[in-house]
């Protein structure tokens, strides 16, 4: 059988991900794995329709399609996102219809489920037969047990094609509501005082609802709000994964475009930050993904700590929970406070006005309070994943992260907490003595909250 591999890594043949594919090639020599370096070649694919059509011909002739990609900021890289957009722009969906497909990624497992859900959603939209996802750690290939698991994944995928096993769609098609948002007369009433509000958008001339919603949000303030359209910035490339930034946060594109200066001088100075975008397939635009990918020059260190973060979306957001998960995961990692989401899908201009005005009110109110919600698993998990990785195998490359984590005291490993460690050790010994264990278990019925009761009594 012929399997076309859509390589979403900008590194092409040298990527970690594609070596997992090459491993499968060696283990299943009876099948042809034809690797297409989509991400590395994306600019040429964009410019030359003949190149794009040649890729579509390869896919059309294949028995199966394997999406292979690394994770870049909770998602597939911007360059793979752009290829997916081209499929729709060139009306090439028919080439994918009915094809058996699977997804293979490598990462440190930071919100990898979001990228895989996105790809499965795209495959469902293209009416493909999605078999399985395989999310590997970036070093799994050198582990013999993980090699066996990768071989099993290959068998599952290839067997499904050979036997034409049935597959089940996970996602329904998105229902796009044609609605023309007509903002009412907004009375500027919110005093931003000394808080800096920044709205970032990628609105095009035909993004009427998005532009009007962003304008309506800005009109809620008594003073002028700064807005920046990503399309007005010179951004020569999305992130290419060169890791040059790991040592001192200096990006390879620092002197070649506007992005890093814009991020340092505008984004990092904001107290209230609002992202405004139109849904494109099951994410925002490739330009927005480029924005997020390029922020990686700051490494794994949160750069938006305490920022109030709002999101304005044109599109059926409630049908795309994965997009909401992306922003909530991003906010948790950044230790920002997610203000909420406003979408035009409700189809009621007056209600949208009300929501936008309240988004503005909450942004300033919470910024003045310094209010950030307690972290959920998304933030706690992000901290622990990156803490362990930066202390360990990523430290050599990501020296800037390491310095930042040391300065902030974020290497908070439990074994370094001496009082807790001593109490746990004593408790463990006590639990091995039947009489003491009975006393402890009896105390636990009533005594877990004794410290909490004292706090409440003093309040």
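Only the coordinates and a few stated rules stand behind these numbers; no lab work does. Small disclaimer: the values here were computed from a predicted structure and weren't measured. Reconstructed Cβ throughout: ideal geometry from the backbone, glycine too, with neighbour counts over all protein chains shown.
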**Request:** Please give the residues of the stretch 108-143, grouped as numeric ranges, whose backbone N is less than 11 Å from a label point set 7 Å along the Cα-to-Cβ vector of residue 170.
**Result:** 113-124, 130-135
**Asked** Shape call for the stretch 150-272 from the C-alpha gyration tensor, a ≥ b ≥ c root eigenvalues: rounded (a/c under 1.5), prolate (a/b greater than b/c) or oblate?
**Response** oblate
**Prompt:** Rounded to the nearest 500, what is the chain's calculated 222 nm mean residue ellipticity when only DSSP H runs of at least 4 contribute -39500 (n - 2.57) each, over all residues?
**Reply:** -13500 deg cm²/dmol
**Asked** Considering only the chain, what is the antiparallel percent among its DSSP beta bridges, to the nearest 5?
**Response** 5
**Message:** Relative contact order of the stretch 52-142, please, whole-number percent, based on alpha carbon pairs below 8 angstrom and at least 6 residues apart.
**Reply:** 33
**Item:** D_trans [Stokes-Einstein, Kirkwood Rh over alpha-carbon pairs] for the stretch 76-132, 37 °C, 0.692 mPa s, µm² s⁻¹
**Value:** 273
**Computed P(r) (all Cα pairs; the stretch 229-303; 5 Å bins; percent)** = 3, 14, 26, 26, 19, 10, 2, 0
**Asked** For the pair residue 60 and residue 229, what calculated FRET efficiency results from E = 1/(1 + (r/R0)^6), where r is the Cβ-Cβ distance and R0 = 41 Å, to the nearest 0.05?
**Response** 0.65
**Fill in**
Scoring the stretch 245-402 by relative contact order with C-alpha pairs under 8 Å, at least six apart, yields a percentage of 27
**Message:** Taking 41 Å as R0, compute the FRET efficiency from the Cβ-Cβ separation of residue 354 and residue 384 and round it to 0.05.
**Reply:** 0.60
**Prompt:** How big, in percent, is the set of alpha carbon pairs in the stretch 118-200 lying more than 17 Å apart?
**Reply:** 71
**Message:** Sorted from largest to smallest, which semi-axis lengths in Å does the alpha carbon gyration tensor of the stretch 416-458 give for its equivalent ellipsoid, taking the root of 5 times each eigenvalue?
**Reply:** 22, 17, 5
**Prompt:** So what's Rg/Rh here for the stretch 2-163, counting alpha carbon atoms and using the Kirkwood radius for Rh?
**Reply:** 0.93
**Message:** Could you order the peptides 257-268, 283-294 from most to least packed, using the average number of other C-beta atoms within 10 Å per residue?
**Reply:** 283-294, 257-268
**Request:** Could you grab the Rg to Rh ratio for the stretch 179-232? Cα atoms only, Kirkwood for Rh.
**Result:** 0.99
**Request:** Express the relative contact order of the chain as a whole percentage, based on alpha carbon pairs under 8 Å and six or more residues apart in sequence.
**Result:** 13
**Request:** Express in nm, to one decimal, how much length is gained between residue 191 and residue 423 on full extension, taking 0.36 nm for each residue of separation and deducting their alpha carbon distance.
**Result:** 78.5 nm
